[in-house]
C-alpha cells in the first residue's frame, strides 16, 4: 500500500491524501488533476458545525485555516411576495471552493504529497498496474466509474429542475437566503449564501417548463445571466451576477444527477466523493459527504492490512450515512421540484414547510433553534384555525377543525383498526370498550373499523356490519356514550370487502380463504386476490344496483345510529377500490379502461350515499393514492384526479392511504411514508386531507399540520398501545388546556407534576 494514485484534486481527493499521509507518513501519494492549481468552477460550499468538529479531530492544521476563512450565519431568510421571513439558530458556515482547495493544496504539499496539475488522467486500468491503490475522486462525471460501470453499477437519477451556479458581490451575509419570484413564464427561485467578505453563491433554479418557456437552453451564459439579474433585481441592489464556468459551452444550466453506486470498489480501485454518491445542493451536504468519506477511507486503509477488507469497511460505513443524506436530499429536492404547489400558502406556513422540507428538522427541533419564531408560527396556526380563546400558545395538533357542522376540538384521529371481534356482523362489548376508551383518550375523531354493508361484504366472520337492526342498535349505544361522556366525534367507515372477503381472522392467516363456510365474493373483474383465493364474480348491472342499495341502507342506519360522519372505503383492494385500480379492473365496458370509466361505479356509490346522508354531516373517502406498481396501477398523478372527482360529488375530506391493492406491490416504507400523497392532494388539488401511515410522534403530527401537508392526522398503532395517547402527549408537552374526563382529573394532575419535574431535571 506504499504507492497510491488519486485521480482528481478536488476536496475529496486532496483531503483523503492529507488524512492518509497523517496516519502513515511513509505512504507515497500522487494526485492527478487536469485543471490548474488555482482553477475552480464552483463558488461557495457549505459545512455544518458537526463537520467542522470532524475536520478538527482529523487534522487541526488545515481545520484552523478553514475555520479562519469561514463566513458564518445563523439565520435562514425566505423572500416571497415582498415579505421576508427570518428564523435563527441554524448554524451554517460557508467557504469559497477556491479558498478551500488552496488551503488543502498547501497542506498536501507540506506533508509531501505529489500534486500533478494540468495532467489528463489515463485510464483507471493503467493506474491499477502502476499503483497499489487507485482512489477515483474524479467527480460527478467520473471516467473511472464509467470505465467499470458494469462493476460499480451506478444508479443515476436526473432530477427535473434546471439550475445555474452563479456568484455575486451582493451581500447575503446575514442569512442563508431563499428568494422566490413569479415571472411571466413561471416561478424562478434562488439559493444564496455568503462565503467570503465580498462574494456570495447565487444558485438560480426553475422547473423544466419555466426553463423551456424562457428558452434558456438556446441562450448564452451571459444572456441567461442578464435575464436572472432582471428577475432578482430587487434583491441584488444593482450588483451583477457572475459566472466562472466560461469553459462550458452553451447556457451552463444543468439538471442535478443523484448518483449512488451499488459497489464502491473493484480490485485495487475505490470510488470517493461525487464519483460514488451525490447529495443535492439544497441540503448543502455534498462537500460534507466528500470530506467525511475521505476521512473514513484513510482510516480503514491505515487500519487494515488487506486492501479489500479496508474498502469493504469503508463502503459499509459510508453507505449508511449516504442513505441518510440522500433520503433527506430526496425530500428536499422533491419539495423544490413541486414548490409551485406551496407558493400560495401563507408566508408563515411556507417558511415552516421550507425549513422542515428534508425531515431532518422537526417541530421540536425548530423550538430548540428558534423558540420565538416557532411560537409566532403556532399562534398563527391557531388563529387561522379559529382558536381565539386559548390562554396559551398551543401546538398545531391542538387546533380546532370544522367539517360542515361537525366541530373537532383537535386534529388527532384514531384510525380504523380491524378488531375481528364481531358476532354475525354485530359489534360486541369488546367494540364498546375499545372505542369508548379511545374516545375518552382525547382524540377529536374516532373511526370504526370497516363496517360492512352485507354478510357477503365482510372481510372475515369477525368483521362488523350495518345491515341488520341489531347492528344499528349496538352502534347507537356506543355513539350515545361517546356523545354524553366525551368531546369526541365518531365516524363510521363503510365498505365492502370485494375479492378480499371470506377470509380468516387477522391473527390467523391474513387474506387466506376460510377453511370452511366460505361465501361468494365480488369484484370489478374475475381476478382472484391471490392464487389461494377464489375467483370473484364480476359485477353486472344487477349486482351494482344491489350493492348500491346496500351502501345506501348502511348509510341510513349510520345516521339513525348517531354517527357524526361516514367514510366510503375506496382503498386497499376492497370492492370499490377494485374498480379504481387498473390492476384489478380489466373490464372492457363503460366501467373499465380510462380513469373516468374506472371511477364511474365508485362515484355512483358515493353519490347515492351522499344523497341520503344529512347535509349538515360530513363525508370522507379513503383512497389508495398509489398501488406501488408504477404505471401498472394507480399513480400519485391519478390520485389527485380521483380526489377531485370525489370532492366534486360532495366529499368533504380525503383520507389518503396507499397500497394494499395487489400482492405484486413494492411499497417504500418509512417514517410518515404516505404523507407526501396527502400533501400533494391538499396543495395541488386544494382539497382537505387526512394523513396516515407510520405516524407515531407528536413531532410528526405537528410537522405535518404546520407545513400544510394535511388537515387531520390519523394514528393507528399508537392508539392500540395507548388509548389515551392524545391526553398523555398533551401532558408531556406542557399543554394544560386538554379536557380530561372528570373522574380522571386526579391522574391528570399527577401526570402534569411528573412532566414538569422531568423537564426540570433535563
Report task. Could you please find all residues in the range 354-378 being in the same structural domain as residue 706 (by TED's automatic domain parsing) and within 21 Å of residue 344 (Cβ to Cβ)? Result -> 376, 377
Requested in this report: Filter the range 511-553 down to residues that are at positive phi and loosely packed, with under 14 Cβ neighbours inside 10 Å, then give me how many there are.
Outcome: 1
Report task. Please go through the range 93-115 and pick out each residue that is within 16 Å of residue 39 (Cα to Cα), at pLDDT 95 or above and touching a strand residue (DSSP E or B) at 6+ places or on another chain (Cβ under 8 Å). Result -> 105, 115
Report summary line: Of the residues in the range 741-762, those that are in contact (Cβ under 8 Å) with a residue 24 or more places away in the chain and either in contact with a strand residue (DSSP E or B) (Cβ under 7 Å, 6 or more places away or on another chain) or not in a helix (DSSP H, G or I) (or both) number 1
Query raised in the report: Within the range 353-381, can you find the residues that are in contact with a strand residue (DSSP E or B) (Cβ under 9 Å, 6 or more places away or on another chain) and under 24 Å from residue 279 (Cβ atoms)?
Result: 354, 355, 366, 369
**Report entry** The listed residue being closer than 27 Å to residue 374 by Cα and part of a loop (DSSP other than H, G, I, E, B), out of 681, 695, 663, 704
**Finding:** 695
Requested in this report: Filter the range 577-596 down to the residues that are touching a strand residue (DSSP E or B) at 6+ places or on another chain (Cβ under 8 Å) and assigned to a loop (DSSP other than H, G, I, E, B), then identify the one that is nearest to residue 627 (Cα to Cα).
Outcome: 581
Query raised in the report: In the set 412, 388, which member is touching a strand residue (DSSP E or B) at 6+ places or on another chain (Cβ under 9 Å), on the phi < 0 side of the Ramachandran plot and assigned by TED's automatic domain parsing to the domain that holds residue 565?
Result: 412
Query raised in the report: Quick one: would you say residue 373 is in contact (Cβ under 8 Å) with a residue 24 or more places away in the chain, under 11 Å from residue 706 (Cα atoms), over 21 Å from the mean Cα position of the chain (by Cα) and assigned to a helix (DSSP H, G or I)?
Result: no
Report task. Can you give me the number of residues within the range 404-416 that are farther than 20 Å from residue 687 by Cα and either surrounded by fewer than 17 Cβ atoms within 10 Å (Cβ to Cβ) or touching a helix residue (DSSP H, G or I) at 6+ places or on another chain (Cβ under 6 Å) (or both)? Result -> 1
Query raised in the report: Which one of these is under 27 Å from residue 679 (Cβ atoms) and touching a helix residue (DSSP H, G or I) at 6+ places or on another chain (Cβ under 6 Å): 345, 350, 354, 366?
Result: 366
Query raised in the report: Are any of the residues in the range 639-649 over 20 Å from residue 689 (Cα atoms), modelled with pLDDT of 95 or more, in the same structural domain as residue 472 (by TED's automatic domain parsing) and surrounded by fewer than 24 Cβ atoms within 10 Å (Cβ to Cβ)?
Result: no
Query raised in the report: Could you list, in sequence order, the residues of the range 305-325 that are within 30 Å of residue 679 (Cβ to Cβ) and touching a helix residue (DSSP H, G or I) at 6+ places or on another chain (Cβ under 9 Å)?
Result: 321, 322, 325
Query raised in the report: Restricting the search to the range 19-69, which residues are crowded, with 18+ Cβ neighbours inside 10 Å and free of Cβ contacts under 8 Å to residues at least 40 places away in the same chain?
Result: 27, 63, 66
Query raised in the report: touching a helix residue (DSSP H, G or I) at 6+ places or on another chain (Cβ under 6 Å) and part of a helix (DSSP H, G or I) - does that describe any residue in the range 212-222?
Result: yes
Report task. Sort through 280, 266, 191 and tell me the only one that's touching a residue at least 40 places away in the same chain (Cβ under 8 Å) and over 32 Å from the mean Cα position of the chain (by Cα). Result -> 266
Requested in this report: Answer yes or no as to whether residue 478 is touching a strand residue (DSSP E or B) at 6+ places or on another chain (Cβ under 9 Å) and not assigned by TED's automatic domain parsing to the domain that holds residue 409.
Outcome: no
Report task. Starting from residues that are exposed (fewer than 13 other Cβ atoms within 10 Å of the Cβ) and in contact with a helix residue (DSSP H, G or I) (Cβ under 9 Å, 6 or more places away or on another chain), keep the ones in the range 738-762 and report whichever is farthest from residue 364 (Cα to Cα). Result -> 754
**Report entry** Hey, residue 133 touching a residue at least 40 places away in the same chain (Cβ under 8 Å), buried (at least 20 other Cβ atoms within 10 Å of the Cβ) and over 19 Å from residue 10 (Cα atoms) or not
**Finding:** no
Report task. Provide a single number: the residues in the range 283-310 that are under 32 Å from the mean Cα position of the chain (by Cα) and at negative phi. Result -> 14
Query raised in the report: Could you say which residue among 683, 733 is modelled with pLDDT under 95, farther than 28 Å from residue 459 by Cβ and surrounded by fewer than 24 Cβ atoms within 10 Å (Cβ to Cβ)?
Result: 733
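The values are calculated or read from the model by the stated rules, or taken from the named source; none is laboratory data. Treat the numbers as computed from the prediction; the structure is a model and nothing was measured. Note that each Cβ is placed from the backbone with ideal geometry, even for glycine, and that neighbours are counted across all protein chains shown.
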